[in-house]
Amino acid sequence: MLMISPRMASGMQEKQYTPSLLNFFIYNPTFGPREGEEEKKILFYHPSDVEKNEKIRNVGLCEAIVQFTRTFCPTKPAKSLHTQKNRQFFFEPEDNFWIVMVVRNPMIEKPNKDGKPPTVEYQEEEILDTVYGAVVRECYSMYKLFNGTFGRAMEAGGVELLIQKLEKFFYRYLQTLHLQSCDLLDVFGGISFFPLDKMTYLKIQSFVNRVEESLSLIKYTAFLYNDQLIWSGLEQDDMRILYKYLTTSLFPRHSEPELAGRDSPLRPEVAGNLLHYGRFLTGPTNLKDPEAKFRFPKIFVSTEDGYEELHLIVYKAMSAAACFMISASVELTRDFCEQLDGLVGPQLTLLASDICEQFTVNRRISGPEKEPQFKFIYFNHMNLAEKSTIHMRKTASVCLTSVHPDLMKILGDINCDFARVDEDEEIIVKAMTDYWVVGKKSDQRELYVILNQKNANLIEVNEEVKRLCATQFNNIFFLD
Amino acid sequence: MSEEHYLELCENPVQFEHASSVNNVFFDEANKQVFAVRSGGATGVVVKGPDDKSSVAFRMDDKGEVKCIKFSIGNKILAVQRTLKSVTKNASVLGFCWTNWNEIVFITDQGIEFYQVFPDKRSLKLLKSQSINVNWYQYCPETTVILLSTTVQGNVLQPFAFRNGTMCKMSKFEIELPVVPKPAKLSLSERDIAMATIYGQLFVMYLKHHSRTANSPSAEVVLYHLPREGACKKTHVLKLNTTGKFALNIVDNLVVVHHQSTQTSLIFDIKLKEPDSAVNMHQPVLPARSIHPYRIPLAGPAVVPSQPPVPCQLYSSSWSVFQPDIIISASEGYLWYLQVKLPPAVILLQDKGKLMDFLLRRRDCKMVILSVCSQSTGEKGSLPVVATVFDKLNQVYKEYLEAEQTYTAAMESGPSRGSAAQKRPVRTQAVIDQSDMYTHVLSSFTERKGVSHKFIIAVLMEYIRSLNQFQITVQHYLYELVIKTLVQHNLFYMLHQFLQYHVLSDSKPLACLLLSLESTYPPAHQLSLDMLKRLSTANDEIVEVLLSKQQVLGALRFIRSVGGHDNVSSRKFLDAARQTGDQMLFYTVFRSFQQRNQRLRGSPSFNPGEHCEEHVVHFKQLFGDQALMKPSTV
């Protein structure tokens, strides 16, 4: 079964197919070491309707490749296998547990005259190892966020439980993978931070601290505005994956009422004598419903000595969202939720309108219209801060970019070059389509700029990028 | 409950010979002097003032009973009144007041006369007089205002102000009586009126007793504001919530109302707004308490040395109360100053916001306020309360800073023409700055055991938030405290986020502190460099940091980008380049400086002062003489 989304190419009757997911499986070679027991190794296999022997064959092949490449470098076995039709990615997240993703290369189908079957041309070099390698790692991180490690399931209920959990999680998760729109941003897995003045930021700090004080069950809080992070009480790596979940899955699912704005039929709640627009994005949709269930998704985050399980309460008022995390050992009651709603709702509503106001003021001062519109991606490895003027707002289904995939691929290539060395570097590429692509790396930061200046020469491009750095990145140490 | 007595008598009262059949005692409110007159002065007059300097003893001839005796200001001239009638007119002399060292005002039942005294000529000169029927009068020495009770009912009050030989009639005003008597008779007693300055403004205080017929269930004190110019206005009403005999004092700008039957006192702060009542209605700040029990000290004249101190009877009927803060027991021979003790307020006033408002207006408030801060940040502290306390403090702090700034600006722009020279703003105890908070509250608080680090950080951030809200520049040591606390608890990511949003403002010391954290938290390096870059005055430091990390090219590119290439020490860079052991790097750096030399001095060679000889030798060893840049022959 292929998941194909055809795209019409210009003029010709050609059909273009984007990269798509062929297989996704998880195995542990130690679970079926003897001949005839190979099936026991397989913990999860997508698509599930593949014939058993083929599953065993594919797993066996991967095992063999990994084993074989280990002889060359014991610590770094193969990460991917390139073939004409597809590319396979191997990832060992926990000892002996392997995740393999097989992606079909993008292809062009050219119709033939005389009723002959069309010719298929595979574009073997179009997809990047770094991008899809990152996708596999993210699959695991996401599983771990909601289920804990594989090892944890094994301890709790053996292979059976693990298989059950994998089935339950990946069945749905794989449907949300959109391999055709994966790009450099997936490699970074960054966090977009909301720009904010000091005073408003301190107000948010104060809000978070007060809520955590009065509802002492709350262990950690994260605060977002406009799908951008402002504060995280979680450690960076946990926040990174939680941020991914919130911005690509949870928020898009709930975006419609917000888009309708304040005049929407969504009526504000009244707590005491204060109007507020707060509501739960996880847990009960309506607190007044006598049947309401007070169950929240559980997540796993790292602690100094392992992991802890937490309830994830996501509460939103207008564009401000607060995530409250509470130890899973506590049972959350209606009482608690009402208390939280009454306390947080009015304050969060007020903060949201404060931030909104501040944001509009800042915008008016800086006047974005006057600035030359650069297309760029910025990423800082230190705080995972990412900024892109190339990507449109992410939605649940697609991540839109405003530039051609070819250019995105060049960005990915430059990134691979950067990854190879520690030194600061700068790469300038003239693309086929009159575009200039510039990549800069300074210490832990990377910047990629796309310039559309037909007749510009190298010096002019260099000047242009300098100008961008001077306006956009003047407050950080970013070497020219 | 002794810790709840918020009023006390001063420890060192003025002692004098108590009143008796042979000893008359007088008190002069203007000089705060007690006169003990024995046998009409023949056997001695002993004058005791607030300090030893103002104490005098003398004798005078006994020419009859003394009615009143007062020194002029500075003990220059003594005036004695012996009869009720004056010689010239057939009017009763109600009394006299010294308004200056040589100016005296006589008040008679028919008017007021203002004289200048010429002591050497032993004569008086009438400066001004005014005929008016007077029932009684009151004098406020602080403002040299005399208040006359006029009309039959006595409730129309006519104030006069005196200054430098002039007598100024102020606008008269009428006190609203609870009941208007018919037929008309004197209804406003001298005992129920007092004058005092509160927060720098002159007020007439009227003790309005309850009246069954007027449907007022309890007594109240009505305050009339008496401005230098303009009409007098009724501005405040203090609710006493009881009835009986009262006496008034003013201590530290608080109105103290003593209630004799319950032997308790109340205090009112007219600046403390009551949110739930009309604007100028005031309830007592604290519940009624008696003055702190007082024991007559051993050294007292009435006590035999071997006896223990005797408890003094408070609220005795023999007490006389004078403005602003004086209580005299003539029968025991003591004059006390009434004092307010602030610590009990901390126990009695639960609302911390109100407590801070109250404390910030008191004279000796600093240590008490700091103790409130320490308490609020203690185990039972709550963040909203902490925030309120900080905001109240910083409001006052900001006002002071602004006044100071305006003053400095005015001083710098030279003496202003016309207007009087600006006064340097007074720094009261209520100004609690960051160093006070750091020393007395925050530094010990962060060390305290049993307080969660979450709370500690929240409190520090709350203080920083409050300072920012009032646009007060936060001192570096507060940031240091935040960083120290975060680092102690391994909360590096939190620290990172604070820096990312510039909550901890940039400074060189902070950047250096961050650099020192690099070994435990590597991203601190980047944070520090960013900060140095933003400071834009720390280019040398940036170069040092980069060179220490062996990022020689980076350092070179940086110094070039900020235009400092021509001035840097070539030796420093060459040292660093050589240390890396990277020969190509050394070559590049060496050639780059040769080019600089060429550009600056027309020759690629290094000056002796640059101390690069060993590097030149090293370069030749590595790459040979021919690799050196040749001087261009242009």
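Observations
- Counting Cβ atoms of other protein chains within 10 Å of each residue's Cβ and taking the mean over peptide B:490-499 gives 4.
- Placing +1 on the Cβ of every Lys and Arg and -1 on the Cβ of every Asp and Glu, with nothing else charged, gives the protein assembly as shown a dipole about its Cα centre of roughly 3780 debye.
- Of B:346, B:385, B:254, farthest towards positive along the dipole that unit charges on Lys, Arg, Asp, Glu beta carbons give chain B: B:254
- Shape category assigned to the stretch A:396-462 from the gyration tensor of Cα positions, a/c cut at 1.5: oblate
- Sulfur and carbon atoms: percent of accessible area, chain A [1.4 Å]: 51 percent
- Shape call, the stretch B:316-460: gyration tensor on alpha carbons, a/c limit 1.5: oblate
- Ratio of the Cα radius of gyration of the stretch A:105-239 to 2.2 N^0.38 Å, where N counts its residues: 1.57
- Other residues whose C-beta falls under 11 angstrom from the C-beta of residue A:355 contribute a net charge of -2, scoring Lys and Arg +1 and Asp and Glu -1.
- Protection proxy ranking, highest mean first, for peptides B:557-570, B:587-600, B:120-133: B:587-600, B:557-570, B:120-133, where packing is the per-residue count of other beta-carbon atoms within 10 Å, averaged.
- Solvent accessible area, Å² - residue A:213, 1.4 Å probe, full protein context: 60 Å²
- Across the stretch B:329-342, computed HN-Hα scalar couplings (Karplus, 6.51 cos²θ - 1.76 cosθ + 1.60, θ = phi - 60°) run 10, 5, 6, 9, x, 10, 10, 10, 9, 7, 10, 9, 9, 7 Hz from first to last residue, x flagging Gly and Pro.
- Remark on residue B:33: its backbone amide H falls under 5 Å from those of B:28, a criterion applied only to residues 5 or more positions apart or on other chains, H modelled at 1.01 Å from N.
- Net charge dipole size for chain A [Lys, Arg +1 and Asp, Glu -1 on Cβ; Debye, nearest 20]: 960 debye
- Ordering A:103, A:140, A:169 by the projection of their Cα atoms onto the charge dipole of the stretch A:40-179, which places +1 on the Cβ of Lys and Arg and -1 on the Cβ of Asp and Glu, puts A:169 at the extreme positive end.
- Over chain B, the Kirkwood radius and the radius of gyration, each from Cα atoms, give a ratio Rg/Rh of 1.20.
- Around residue A:179: net Lys/Arg minus Asp/Glu count, Cβ-Cβ under 13 Å: -2
- When both bridge partners sit in the protein assembly as shown, DSSP labels roughly 100% of those beta bridges antiparallel.
- Between the stretch B:182-261 and the stretch B:94-146, the alpha-carbon centres lie 26 Å apart.
- Sorting B:252, B:364 by solvent-accessible area of protein heavy atoms yields B:364, B:252, largest first, with a 1.4 Å probe.
- A/B buried area, accessible surface, summed, 1.4 Å probe, Å²: 3300 Å²
- Label sites at residue B:429 and residue B:169, each approximated as a point 7 angstrom past Cα along Cα to Cβ, lie 4.5 nm apart.
- The 3J(HN,Hα) values that the Karplus relation (6.51, -1.76, 1.60; θ = phi - 60°) gives for the stretch A:310-315 are, in residue order, 9, 6, 10, 9, 10, 10 Hz. Gly and Pro appear as x.
- Electrostatic tally near residue A:154: other residues with Cβ closer than 13 Å to its Cβ, Lys and Arg +1, Asp and Glu -1, net -2.
- Report summary: the helix-based calculation at 222 nm, which adds -39500 (n - 2.57) for every DSSP H run with n ≥ 4 and divides by the residues of chain B, gives -9000 deg cm²/dmol.
- Solvent exposure of the stretch B:137-239 as accessible area per residue, Å², 1.4 Å probe: 47 Å²
- Around the amide H of residue B:78, modelled in the peptide plane, lie the amide H atoms of B:72, all under 5 Å away and 5 or more residues distant in sequence or on another chain.
- Descending Cα extents along the principal axes, chain A, whole Å: 74, 64, 50
- Whether the stretch B:146-247 is rounded, prolate or oblate, judged on the alpha carbon gyration tensor where a/c under 1.5 counts as rounded: oblate
- Equivalent ellipsoid of the protein assembly as shown: semi-axes from √(5λ) of the C-alpha gyration tensor, largest first, are 84, 38, 27 Å.
- In the complete set of protein chains, residue-level accessible area for residue A:422 is approximately 140 Å², probe 1.4 angstrom.
- Per-residue HN-Hα couplings for the stretch B:475-483 [Karplus 6.51, -1.76, 1.60; θ = phi - 60°; Hz; x = Gly/Pro]: 6, 4, 5, 6, 4, 4, 5, 4, 4
- Annotation: amide H-H contacts under 5 Å for residue A:326 (H modelled 1.01 Å from N, sequence separation of 5 or more, or interchain): A:219, A:311, A:313.
The values are calculated or read from the model by the stated rules, or taken from the named source; none is laboratory data. A quick note: this is a predicted structure, and the numbers were derived from the prediction, not measured. Glycine also receives a Cβ, built like all others from the backbone with ideal geometry; neighbour counts cover every protein chain displayed. What goes into the accessible areas is simple: the full protein's heavy atoms, side chains included, and nothing from ligands, DNA or RNA. Shrake-Rupley method; radii C 1.70, N 1.55, O 1.52, S 1.80 Å.
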